[in-house]
C-alpha cells in the first residue's frame, strides 16, 4: 500500500507544481508550450509506475535515478537523494528534450502560418535556437503558381518575423 500512497503523492505534487507555474506565466503564446510540456510530465508521472510494473523496469530510462526510485512500483518521489551529477545529467537531458519539442512546435506553427497565407503550396521550416531564443528561421517554400516575387518573399519574411516577435534579419524565405 505504501507504493500506492507514494504514487498518489507524486501526482498531487506534480499537479501543484504545474498549477503554480501556470499562475506565474503571463497570457502569451509561450504559455501553450509550457502547458504541453507540463502535461507530458504529468502523463509520465501517472504512467511510470504502471508501465514499470507491467514491464518490470523503469518506463522512462533515467527517471528512477532522478528521483531516487528504488525499484519497479516505488513512488516517483520515494526517499533518497540522487547524486548531483545524475541530477545535472537528467536536467540537461530534459532541457534538450524540451528545447527540441519547442523547436518542432515553432517550426510547425510557422509552416502552418505560411500555408495559410494563400501563396504557398508546401513549406519546410528549420528553426535554430540558442537556449529558448529563436536565432534563425529558414523557410523553404513552393509557391502555388510560378515563382515568388521579391516583394512576396519579403512579405512572407515580415509575416514570420512579426508572428515570432523576432527581428526580420533572423528570417530567410527561400524557394525550393
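Readers should treat all values here as calculations from the given coordinates under stated rules, not as data from a laboratory. This one's a predicted model, so the numbers in the text were calculated from it and none came from an experiment. Counting neighbours? That spans all protein chains shown, and the Cβs are built from the backbone with ideal geometry, glycine included.
The length gained by stretching the chain between residue 19 and residue 44 to full extension, at 0.36 nm per residue less their Cα-Cα distance, is 7.3 nm.
Take the Cα of residue 168, step 7 Å toward its Cβ, do the same at residue 97, and the gap between the two points is 4.1 nm.
Restricting attention to the stretch 103-175, close to 65% of DSSP beta bridges with both partner residues there are antiparallel.
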